[in-house]
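Report on the following structure.
The values are calculated or read from the model by the stated rules, or taken from the named source; none is laboratory data. All of these numbers come straight from a predicted model, not from anything done at the bench. In this analysis, Cβ positions are derived from the backbone assuming ideal geometry, glycine residues included, and neighbour counts consider all displayed protein chains.
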Amino acid sequence: MDAVSLISAAVSVTSAVLTVTLGALFEWRRRHSDREHARRDHVGRYRDPLLQAAAALQARLGNAVRLLSDLPVTEVARDDQARRDEYNRYESLYRFAVYQGWVHILFQEAGFLDLGSRRRNRRLVKLLSGVNGAIAGHDDHGKTGVLQGGEQQVIGELMVVADGSDNGRRRCLGYMEFRAKLDNDREYARRFQPVLAYIDASLAKNPAGGLRRLTAIHNALIDLIDFLDPHRVWVMGRRDRLPLPKEETLAPAEEKRLAPAERPPAAGESPLPAAEERDV
């Protein structure tokens with residue numbers, strides 16, 4: 001075999017190897033791109049409604065804290081006070097319940113929201129746990145908490161229904177559906193009474209430790225919103241963290257009610273599942 005034939009054969013072999021290698025590389029990149037698009041779509045499907053629910057609840061709590069602190073609040077008309085109070089009562093309850101519903105959907109349906117790295121996954125779980133703990137009152141052993149973790153989970157479950165599609169996805173109840181169930185199902189309504197009682201006390205500007213508790217929940221939600229929407233693309237409202245009031249002392253009657261033998265147990269581990277330990 002002469003030199004020309006050898007060179008030609010070598011070139012042919014090299015071309016074949018290069019073609020196979022580049023083909024495999026391009027196929028790997030295509031599959032990786034498809035997986036990344038699927039992951040982003042999955043993230044958006046659950047992150048976006050959770051973000052909107054957190055923002056809606058945070059906005060309402062921010063106004064409540066400012067009202068209790070005699071800070072400037074969003075101005076509303078003063079007419080028909082009873083109608084406005086009823087709306088504030090149930091719409092605030094609805095915002096709280098929708099947030100719990102989307103947290104429940106996230107962990108039950110999505111398994112876990114893979115944000116692309118273990119660090120970001122762990123950060124999300126920590127922030128969700130922070131909101132959970134603020135609502136439960138982990139910082140004062142539940143003395144001024146709204147609901148403990150298991151009670152929050154129950155409300156989340158009660159807010160979730162099938163969306164009617166063939167893919168088996170779920171959604172949260174609409175406001176009209178929610179009000180109808182509250183009015184017509186006594187057992188359903190009973191689960192929400194502790195939150196309604198807390199809202200009523202806040203509207204009366206007389207919650208036990210309520211200002212500090214509402215501020216803690218508000219600030220925990222701000223941390224979650226900043227993480228989910230760092231560039232302020234989806235949530236345009238104010239995001240200022242509010243100063244946490246000094247520790248409030250309970251009235252003598254409240255102290256008596258919370259005698260040592262009757263005090264709630266110390267807060268335990270958050271019921272939220274841990275993030276998957278993997279990178280994408």
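Summary of values
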item: Which listed residue is in contact with a helix residue (DSSP H, G or I) (Cβ under 9 Å, 6 or more places away or on another chain) and modelled with pLDDT under 65, from A55, A110; result: A110
item: Cβ-Cβ under 6 Å pairs, at least 6 apart or on other chains, the range 47-64 side over 17 Å from G174 (Cα atoms), far side assigned to a helix (DSSP H, G or I) and among the small types (G, A, S); result: R60/S92; A64/S202
item: Wholly within the range 162-236, helices (runs of 4 or more DSSP H) carrying at least 2 residues that are at pLDDT below 90 and crowded, with 17+ Cβ neighbours inside 10 Å; result: 193-203, 210-228
item: Unique match (being surrounded by 20 or more Cβ atoms within 10 Å (Cβ to Cβ), among the hydrophobic types (A, V, I, L, M, F, W, C), out of contact with any strand residue (DSSP E or B) (no Cβ under 8 Å at 6 or more places or on another chain) and not in a helix (DSSP H, G or I)) among V146, V103; result: V146
item: Enumeration of residues in the range 89-105 that are over 14 Å from the mean Cα position of the chain (by Cα) and basic (K, R); result: R89
